[in-house]
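Please read the structure below before turning to the comments.
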Amino acid sequence: MHEYEAIYRLLDLPDTLIDCALGRIEIPIIGWVTPAAWYGFPPALIPIASNGSGPNYLGYWKHWFSNRTPTFVEMYVDSGRKVVEIARTPEQFFCYLAMAAIAVDDGITPPLEKFAGVVEINNMPALDAVSLKTGDDPLGFPALPQFAADLPLSSVKDIRQYTGDFPTGSVGDSREWWHDTCGFEITREASTAWPSEVPRPRWTLPGNKSAVFDDLLDQGDLHGAWMALNSTGWSIPEARTAVAKLAHAANDPGFTMLASAWSSVADPASGTY
């Protein structure tokens, strides 16, 4: 989305990734479109590409008012806007795209070769070899040098070995990730299996989030208000009002830019999230 160009640069994303997001570099996978279209997404998602058949998004996932490291995700709009961590570095993200393209086309095509050259994937034979063994299953990606370190959650077989800070969904995790998590990051399975003795943050509970947001903002809890804004239970007009309130309270030029970019694409007639 061209409305996000300043945000891409603010977050110091590499030029090749920005060019992908703006449609200057074509993603070689049928169905994925850049710049991304609006199907409804929360402000934490910095959109890179969209697929109308899901609809799905590929994007950069950035939490403000939190110490969490931004990461790359796929969002499944029709599955409650569930987000899955697919990459932790730009190099991994480009590999993820290349592996998906190989799987779709059953091999390396000229458009993929061109894409790989532009984004500097220099080991396409290795990607092809891995695809023959495990297809585009992220659990096979650790065989690639781009995934030798900083594995994304979707590529980890044992969550005890996960070194990132995306929510694992396991309440038995050594870190209490749920205090720094929004609703879209909690799977239905994790929500169903949630132990009654573990209190859930109020913004992750079912229901309209506008009152929860206002209460947290009145308390000066910018972190909680942000997490509420990125949890299901909003109409688009309510969310646009809320992000403007949060920008005013935060008085952060970067966040004000984000709020403006998101509001400029968030169609009030597009329902809820």
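The numbers here are math on the coordinates, done by the rules we state, and not lab data. This one's a predicted model, so the numbers in the text were calculated from it and none came from an experiment. Every residue, glycine as well, gets a Cβ built from its backbone with ideal geometry; the counts of neighbours run over all protein chains shown.
Points to keep in mind about this one:
- For region 65-102 and region 158-218, distance of Cα centres in Å: 19
- For the chain, the longest principal axis of the C-alpha atoms and the axis of helix 124-134 are separated by about 70°.
- Share of Cα-Cα pairs in region 71-153 lying beyond 22 Å, as whole percent: 23
- Per residue convex hull volume, Cα atoms of region 2-160, in Å³: 119
- Max mean-square fluctuation residue, GNM over the chain, Cα-Cα springs under 10 Å, options Gly233, Gly220, Gly40: Gly220
- Spread of Cα-to-Cα distances over 10 Å intervals beginning at zero, given as percent, for region 158-244: 17, 46, 28, 8, 0
- Of the trypsin sites (Lys or Arg not before Pro) found in region 151-211, those in coil by DSSP whose Cβ has at most 12 other Cβ atoms within 10 Å are Lys157, Arg175.
- Most mobile of Ala36, Ala193, Ala87 in a GNM of the chain (Cα contacts under 10 Å): Ala193
- A straight Cα-to-Cα reach below 21 Å connects Lys157 with the lysines Lys82, Lys133, residues fewer than 8 places away in its own chain not being considered.
- Extended-chain gain in nm, criterion 0.36 nm per residue less alpha-carbon gap, Leu139 and Ile159: 6.0 nm
- Unit Cα scatterers, Debye sum, the chain: log10 I(q)/I(0) for q = 0.12 Å⁻¹: -0.75
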